1. Give the residue that is modelled with the highest pLDDT, with candidates limited to residues of the stretch 167-197 that are within 16 Å of Glu237 (Cα to Cα) and open to solvent by 70 Å² or more (accessible area, probe 1.4 Å).
2. So which of Ser189, Ser160, Ser154 ends up being farther than 26 Å from Gly105 by Cα and more than 20 Å from the chain's Cα centre (by Cα)?
3. Kindly indicate whether Ile93 is among the β-branched types (Val, Ile, Thr), open to solvent by 50 Å² or more (accessible area, probe 1.4 Å), at negative phi and not in a loop (DSSP other than H, G, I, E, B).
4. Can you pull out every residue in the stretch 142-159 that is β-branched (Val, Ile, Thr) and open to solvent by 60 Å² or more (accessible area, probe 1.4 Å)?
5. Kindly provide the set of residues from the stretch 246-264 that are among the hydroxyl-bearing types (Ser, Thr, Tyr) and open to solvent by less than 30 Å² (accessible area, probe 1.4 Å), ordered by number.
6. Would you list the helices (runs of 4 or more DSSP H) that sit entirely within the stretch 203-283 and hold 2 or more residues that are within 21 Å of Tyr54 (Cα to Cα) and either at pLDDT 90 or above or under 14 Å from the mean Cα position of the chain (by Cα) (or both)?
7. Going residue by residue through the stretch 284-303, is there one that turns out to be under 30 Å from Ser154 (Cβ atoms), open to solvent by 50 Å² or more (accessible area, probe 1.4 Å) and either assigned to a helix (DSSP H, G or I) or at pLDDT below 85 (or both)?
8. For the stretch 38-90, which positions are more than 29 Å from the chain's Cα centre (by Cα), buried (at least 18 other Cβ atoms within 10 Å of the Cβ) and not in a loop (DSSP other than H, G, I, E, B)?
Amino acid sequence: MTTAPPGRSRRADGVWSRLKRSRPAMIGLGLVVVFVLLAVLAPVFAALTGNSPYAYNPELLGPDTAPAGPLGGMSAQHWFGVEPRTGRDLFAIVSYGAQVSLLIGLAATVVSVIVGVAIGLIAGFYGHLADRLLSRLTDIVFGFPFLIFAIALSATVPASFPRPLLLILVIGFFGWPPVARVVRSETLSLRERGFVRAAAAQGTGSARIIVREILPNIVATVIVFTTVSIPGKIGAEAALSFLGVGVSPPTPSWGRSISDAISWVQVDPMYLIFPGMALFLVTLGFNMFGDGLRDALDPAENRTGEAARIDPMSAGGQP
């Protein structure tokens, strides 16, 4: 049976201890856990309530196809009410929409981080021509109009191609330049450090130096950057679905629900409030947790003195 090295274990304990002292970080972690559980348990909720996000219930609608009853048709069976025109259960749409948003957001983040870390490491370690070429490629992709390309691609890719996979690839591909820039900067600094020069002097291969010496020293940076990148990817999926080029209906999507709800906001505001609040809270949770994780992993960069111990939530500042 193997155990973690004492130094690594103490560092992990220290990170968790600092993270627990950050109220915004723990609130953010709580929000993330809530939405992860909502996504995982969506089939359980559907079975308990007997509501499917694909089941139409026209009998729950009034003559104008708006939900019958107060607050968008909220009841003991339909906790968030029902969707106008279709009568689909809104809680089922929000919970299954969490699956779509989290799956695409997390998977696209993984794609962008893998590509960005690889390009950043190569550019920063080898330098010279490799750095110049990869830096120019990063600038080109960074300045490319993402929305225009995504809309055009959605119109040309066959409908048989899985739309979630397409969104993951497109969002992930356009999300790697910021990661590459950060990793390149860290690698440029690390390659001049003594332990890297000593490994090179001993005849250690470049690939081994990158994997054994440089990569472990940028893991914390990559973890933090990954965490704070997830909200942007979730927002990108919602934006594309809002524009009608995201996941295909009737697959639940927060972005498409928000888009559809705009024309119903005067009649049924709950149709806009619940998907909108879900999108807002999950992005807020990842942002707050990411900021707290950054401070916990690298306390040396925190503000010094008493200012470093101020809780931004109680001080009225930004978390």
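The values are calculated or read from the model by the stated rules, or taken from the named source; none is laboratory data. Quick caveat, the model's predicted, so the values are computed rather than measured. Here the Cβ is made from the backbone with ideal geometry for all residues, glycine too, and neighbour counts use every protein chain on show. Ligands, DNA and RNA are excluded from the accessible area calculation, which covers all protein heavy atoms including side chains. Shrake-Rupley method; radii C 1.70, N 1.55, O 1.52, S 1.80 Å.
1. Here the answer is Leu169.
2. Values: Ser160 fails: farther than 26 Å from Gly105 by Cα; Ser154 fails: farther than 26 Å from Gly105 by Cα.
Being farther than 26 Å from Gly105 by Cα and more than 20 Å from the chain's Cα centre (by Cα) holds for just one of Ser189, Ser160, Ser154, which is Ser189.
3. no
4. Pass one, the stretch 142-159, residues β-branched (Val, Ile, Thr): 148, 151, 156-157.
Listed by number, the residues that qualify are Ile148, Ile151, Thr156.
5. Residues satisfying the conditions are Ser253, Ser257.
6. Once the helices (runs of 4 or more DSSP H) in the stretch 203-283 are filtered for at least 2 residues that are within 21 Å of Tyr54 (Cα to Cα) and either at pLDDT 90 or above or under 14 Å from the mean Cα position of the chain (by Cα) (or both), what remains is 215-242, 254-261.
7. Yes: the stretch 284-303 contains one or more residues that are under 30 Å from Ser154 (Cβ atoms), open to solvent by 50 Å² or more (accessible area, probe 1.4 Å) and either assigned to a helix (DSSP H, G or I) or at pLDDT below 85 (or both).
8. The answer is Leu60, Leu61, Pro67.
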